[in-house]
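Trainee: Below: one structure in structure tokens.
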Amino acid sequence: MDHRNKTRVTEFILLGFQNEKEIEVLLFSAFLLMYITSLIGNTMIILLVCGDYRLHSPMYFFVANLSFLEVAITSTVVPKMLANTFSLTKRISFVGCLTQSFFYFLLGSTEFFILAVMSLDRYIAICNPLRYAIIMNKQTCIFLLLGSYVGALLSILVPSILTAPLPFCGPNIINHFFCDSGPVLKLVCADISLAEVADFISSAVLLLGSLLLTGVSYLYIIVTILRIPSAQGRQKAFSTCVSHITVVTLYYGSSIFIYVRPKKENVMDVNKFATVLNTIVTPMLNPFIYSLRNEKVRESLSDAFKKCVGMVTNSRALRSEK
């Protein structure tokens with residue numbers, strides 16, 4: 001088979017969940033509702049952090065950037081998945097597939113770096129509070145944010161370089177609802193052992209490395225909290241970490257299950273639902289986790305709501321006077 005035949009695939013077919021029409025309609029409705037909720041909730045968090053001076057601190061700076069990543073990740077995957085639900089062809093172009101995969105893993109990898117940085121932020125705030133404002137200044141926060149994006153790009157660079165030139169000569173059916181690395185690699189008509197090893201090592205280093213940093217940070221945090229003499233002080237210190245711990249548990253649990261396994265065969269259906277947790281459910285829950293458990297965010301949201309109600313009332317009053 002010559003090189004031209006090996007590269008003749010110009011599009012892929014995304015199988016999705018392959019259910020009866022009634023179940024597909026139910027899944028479409030549920031995913032659309034969760035996607036809209038995620039967009040509204042995370043956008044609200046971004047606007048609150050940008051607009052309220054009470055939230056102009058390093059912790060909320062990273063929360064807002066995490067919300068931005070949630071919007072970007074879900075928008076990379078979910079619209080195409082929803083469009084393919086009732087499509088007869090369920091097609092995605094070759095370039096579109098590789099582009100979707102690249103941005104999904106770039107944004108997802110950045111999110112793990114951000115989560116690790118947020119754990120470092122909590123460590124400094126609790127273990128070294130007197131120097132917190134000096135250490136976590138504006139320049140440091142921007143440096144850590146940019147470093148997260150650069151680190152994410154470097155972590156996916158080798159797998160991307162190894163995968164891009166591989167020949168696809170058919171079949172072109174991907175047993176997933178988006179262009180995940182594992183299902184795409186299965187369609188390559190060449191030796192993929194090097195690409196699989198690079199993909200596994202990249203995922204393991206990224207996930208386990210950032211998890212190790214998070215774990216060490218919280219180990220020091222727990223030791224420091226236990227040394228606080230008053231129960232009220234311990235509770236107050238720990239409450240600032242609960243939201244972050246919840247998000248970390250959701251993300252790392254599902255991602256390690258999906259990607260940090262050398263053998264990924266025969267579990268594709270389970271992987272699909274674990275990916276739904278990462279790409280739809282957790283981004284939808286993120287605003288609720290951070291807003292409902294955080295007093296400052298609740299106050300900011302309440303003030304913003306009152307301001308909106310006041311503006312609407314004043315507008316109606318002006319119209320009635322005219």
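Trainee: Once amide H atoms are built 1.01 Å from N in the peptide plane, which residues 5 or more positions from Ile173, or in another chain, come under 5 Å H to H?
Mentor: Distant-sequence amide H within range of Ile173: Ile13.
Trainee: For Thr246 and Phe94 in one chain, what is 0.36 nm times their gap in residues minus the Cα-Cα distance, to one decimal in nm?
Mentor: Difference between extended and current length: 51.1 nm.
Trainee: Oh, and also: Mind checking which of Cys308, Cys189, Cys127 has the largest fluctuation in a GNM of the chain, springs on alpha carbons under 10 Å?
Mentor: Cys308
Trainee: To continue, here is another question. Let me check against my output: what whole-number percent is the relative contact order of the chain, with C-alpha pairs under 8 Å and at least 6 apart?
Mentor: Dividing the mean separation by the residue count of the chain yields 27 percent.
Trainee: About its Cα centre, what dipole magnitude does the chain give when the only charges are +1 on Lys and Arg Cβ and -1 on Asp and Glu Cβ, stated in debye to the nearest 20?
Mentor: Dipole magnitude for the chain comes out near 800 debye.
Trainee: Considering the chain, which cysteines have no disulfide-compatible partner, defined as another cysteine with its Cβ under 4.7 Å away?
Mentor: Cys50, Cys127, Cys141, Cys241, Cys308
Trainee: Within the chain, what is the longest stretch that has no GluC sites (Glu not before Pro) placed in a DSSP loop and near at most 14 other beta-carbon atoms within 10 Å?
Mentor: 21-264
Trainee: Given the options Gly96, Ser57, Leu15, identify the residue whose Cα lies farthest towards the positive end of the charge dipole of segment 4-104 (+1 on Cβ of Lys, Arg; -1 on Cβ of Asp, Glu).
Mentor: Of Gly96, Ser57, Leu15, it is Gly96.
Trainee: At 222 nm, what value in deg cm²/dmol follows for the chain if DSSP H runs of at least 4 each add -39500 (n - 2.57) and the sum is divided by all its residues, to the nearest 500?
Mentor: It lands at -26000 deg cm²/dmol.
Trainee: Would you mind checking the pairs Lys80/Lys186; Lys138/Lys272; Lys80/Lys306; Lys80/Lys296; Lys272/Lys296; Lys138/Lys296 and listing those with alpha carbons more than 29 angstrom apart? If you can, show how the numbers build up before the last one.
Mentor: On the way: Lys80/Lys186 21 Å; Lys138/Lys272 39 Å; Lys80/Lys306 37 Å; Lys80/Lys296 36 Å; Lys272/Lys296 36 Å; Lys138/Lys296 20 Å.
Correct reply: Lys138/Lys272; Lys80/Lys306; Lys80/Lys296; Lys272/Lys296.
Trainee: Further question: Which of Ser181, Ser230, Ser119 ends up with the largest GNM mean-square fluctuation for the chain, with Cα atoms connected below 10 Å?
Mentor: Ser230
Trainee: Follow-up question, since we're still on this one. When only Cα pairs under 8 Å and 6 or more residues apart are kept, what is the percent relative contact order across segment 166-241?
Mentor: Taking the mean separation of contacting Cα pairs over the length of segment 166-241, I get 20 percent.
Trainee: Over segment 118-221, with every protein chain in place, what whole percent of the accessible area is carbon and sulfur at 1.4 Å, could you tell me? All intermediate terms of the calculation are to be shown ahead of the outcome.
Mentor: Values: 3850 of 5080 Å².
That share works out to 76 percent.
The values are calculated or read from the model by the stated rules, or taken from the named source; none is laboratory data. Owing to the predicted nature of the structure, the values given are computational and were not obtained by experimental measurement. We place every Cβ from the backbone using ideal geometry, glycine too, and count neighbours over all the protein chains shown. Ligands, DNA and RNA are excluded from the accessible area calculation, which covers all protein heavy atoms including side chains. Shrake-Rupley method; radii C 1.70, N 1.55, O 1.52, S 1.80 Å.
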